[in-house]
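So the structure is just underneath, and the comments pick up after that.
The values are calculated or read from the model by the stated rules, or taken from the named source; none is laboratory data. Source: prediction; values computed, not measured. Cβ atoms come from the backbone with ideal geometry, glycine included; neighbour counts cover every protein chain shown.
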Amino acid sequence: MKNKAAILIPARMSSTRFPGKPLAPIEGIPMVIYCARNALKTSLDVYVCTDSEEIMAVCSLYKIKSILTPECATGTDRIALAIKEIDLEYIINLQGDEPLISPKSLDSIISMLPDLEKNENSIICGVTGINSEEAFDPNNVKCALINDSTIQYLSRKPLLNSPEDMPKAKYFKQLGLYAMSISSLQKFANMPPGNLEAAERVELLRWIENGNKLIACHIKDHTISVDTPNDLVKVLNKLNED
């Protein structure tokens, strides 16, 4: 299965909340390179997909493969254009602002790739349990799960998954980590964005809104997606603690 798959990392410089985010330094190297090096530890091929020649130049400096794309509405749409240059059956989409997703967690979603053979029209999405404070942060995309295995809905608002008095995780967040077949990727890219995607600003709602399945891959990492400069400070503090 591994020789049929690769990890693709979408990255753009024009984030409204954090311009130039992919090149923000983490432990002395640009964040997108930090993410790529984590991905390379899985032994899969890794490609950064970007519309920025500056990011391309930085990738070249660190000997990371990269693919130049036009501007795109979402990272998944960007990858759909990038894979035209690669012969693959499956892709893992690792967002370039997820530096705390470990190689072990990437291996977890890679191990689930055979599930895509048994479940056509499915995408696997990384999820992790969060506390109530994190659940009320609109930068975190929350998940409503069925039987802990299927994602029913995604929202920037809190979504309870169990009664308040139960000890198990009440909230889950979606990670910037997806796996899908090339046919599902192309199908996604050909779907017009729907009302739910526009309302929540969550791209994978496009998949649910068109009657397709999102499978949950539970990740144990306590991740911090870097949406703002303050998030980067949190990441640096966590790495210093570790």
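Do we have any residue at all in segment 228-237 that's surrounded by 21 or more Cβ atoms within 10 Å (Cβ to Cβ) and more than 15 Å from Ile123 (Cα to Cα)? Yes; the residues of segment 228-237 include at least one that is surrounded by 21 or more Cβ atoms within 10 Å (Cβ to Cβ) and more than 15 Å from Ile123 (Cα to Cα).
Regarding segment 110-125, can at least one residue be identified that is in contact (Cβ under 8 Å) with a residue 60 or more places away in the chain and in contact with an Asp or Glu (Cβ under 8 Å, 6 or more places away or on another chain)? Yes; the residues of segment 110-125 include at least one that is in contact (Cβ under 8 Å) with a residue 60 or more places away in the chain and in contact with an Asp or Glu (Cβ under 8 Å, 6 or more places away or on another chain). Scan segment 137-149 for residues that are within 17 Å of the chain's Cα centre (by Cα) and surrounded by fewer than 17 Cβ atoms within 10 Å (Cβ to Cβ) and the total you get is 2. From the list Glu85, Glu89, Glu134, the one residue that fits, being farther than 20 Å from Ser181 by Cβ, surrounded by fewer than 20 Cβ atoms within 10 Å (Cβ to Cβ) and not hydroxyl-bearing (Ser, Thr, Tyr), is Glu134. Take Gly96 and tell me if it is surrounded by 15 or more Cβ atoms within 10 Å (Cβ to Cβ), assigned to a loop (DSSP other than H, G, I, E, B), at pLDDT below 95 and not hydrophobic (A, V, I, L, M, F, W, C). So Gly96 passes the test. Only a single criterion out of (1) in contact (Cβ under 8 Å) with a residue 40 or more places away in the chain; (2) at positive phi is not satisfied by Ala80, namely (2). State whether the residues of segment 92-106 include one that is over 16 Å from Ile123 (Cα atoms) and hydroxyl-bearing (Ser, Thr, Tyr). There is at least one residue in segment 92-106 that is over 16 Å from Ile123 (Cα atoms) and hydroxyl-bearing (Ser, Thr, Tyr). Out of Asn195, Asn190, one residue alone is surrounded by fewer than 22 Cβ atoms within 10 Å (Cβ to Cβ), over 18 Å from the mean Cα position of the chain (by Cα) and more than 25 Å from Ser15 (Cβ to Cβ). It is Asn190. Residues in segment 3-36 that are among the basic types (Lys, Arg) and assigned to a helix (DSSP H, G or I) were compared, and the one that is farthest from the chain's Cα centre (by Cα) is Lys4.
The set of residues in segment 40-66 that are more than 18 Å from the chain's Cα centre (by Cα), outside any helix (DSSP H, G or I), surrounded by 18 or more Cβ atoms within 10 Å (Cβ to Cβ) and touching a residue at least 40 places away in the same chain (Cβ under 8 Å) contains only Ser52. Could you please let me know if Ile109 is assigned to a loop (DSSP other than H, G, I, E, B), modelled with pLDDT of 95 or more and buried (at least 23 other Cβ atoms within 10 Å of the Cβ)? It is false that Ile109 is assigned to a loop (DSSP other than H, G, I, E, B), modelled with pLDDT of 95 or more and buried (at least 23 other Cβ atoms within 10 Å of the Cβ).
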